[in-house]
Amino acid sequence: RRVLFRSPAIKARVAQFDVANAHDVVALVDQDPVWLHLGDRDFAARVRRYLELAPTLKGEHDDIDYVDLRFEERIYMRNRSTAKKD
């Protein structure tokens, strides 16, 4: 069994996670409705990265559905309004 979050501070912030896809763990933090796609490694670092970027992202986009943090140099996000059209 794999330990997802070794950092107690990050583990305390994660409210829910989905491990149905072993290659893309998806998590929610605290009271935040944004799904975080974390991939299959570096979970705590990726959650930490989101927490650092969240104020800026939410300042520019008020209806974020998910943020994909699986890629080293980029993050991808999708707004709820876009998700409803699919």
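Normalised Debye scattering of the chain at q = 0.13 Å⁻¹ gives log10 I(q)/I(0) of -0.39, counting only Cα atoms as equal scatterers and leaving out solvent. Modelled this way, with points 7 Å down the Cα-to-C-beta line, the labels at Glu52 and Asp18 are 2.7 nm from one another. Stokes-Einstein, applied to the Kirkwood radius of region 38-86 over Cα pairs at a viscosity of 1.306 mPa s and 10 °C, places its translational diffusion at 138 µm² s⁻¹. Per residue, region 1-67 exposes an accessible area of 63 Å² to a 1.4 Å probe, with every protein chain left in place. What a 1.4 Å probe finds exposed on the chain is 49% carbon and sulfur by accessible area, rounded to a whole percent.
With R₀ fixed at 30 Å, the C-beta to C-beta distance from Ser81 to Asp40 puts the FRET efficiency at about 0.55.
Can you compute the FRET efficiency between Lys11 and Glu73 using 1/(1 + (r/R0)^6), with r the Cβ-Cβ distance and R0 = 22 Å? Round to the nearest 0.05. Between Lys11 and Glu73 the formula returns 0.25. Taking amide H as placed 1.01 Å from N in the peptide plane, the amide H of Met77 sits under 5 Å from that of Asp68, each at least 5 places away or on another chain. Computed over region 19-86, relative contact order equals 26 percent, with contacts defined as Cα pairs under 8 Å that lie 6+ residues apart. When the alpha carbon gyration tensor of region 1-50 is reduced to an equivalent ellipsoid, its three semi-axes come out at 15, 13, 10 angstrom, largest first. Can you list which of the GluC sites (Glu not before Pro) found in region 44-80 are DSSP loop residues with at most 16 other C-beta atoms within 10 Å? Answer by residue number: Glu72, Glu73. What do you get for the angle between helix 43-60 and the principal long axis of the chain? Use alpha-carbon atoms, 0 to 90 degrees, nearest ten. Here the helix axis deviates by roughly 20 degrees. Database remark: amide H of Gly39 closer than 5 angstrom to the amide H of Val25 (H placed geometrically; neighbours at sequence offset of 5 or more, or on other chains; Pro and chain starts carry no H).
The values are calculated or read from the model by the stated rules, or taken from the named source; none is laboratory data. Quantities reported herein were computed from a predicted structural model and do not represent experimental measurements. Methodologically, a virtual Cβ is constructed for each residue, glycine included, from the backbone with ideal geometry; neighbour enumeration extends over all protein chains shown. Ligands, DNA and RNA are stripped out before the accessible areas are found, and what is left, the full protein with its side chains, is counted by its heavy atoms. Shrake-Rupley method; radii C 1.70, N 1.55, O 1.52, S 1.80 Å.
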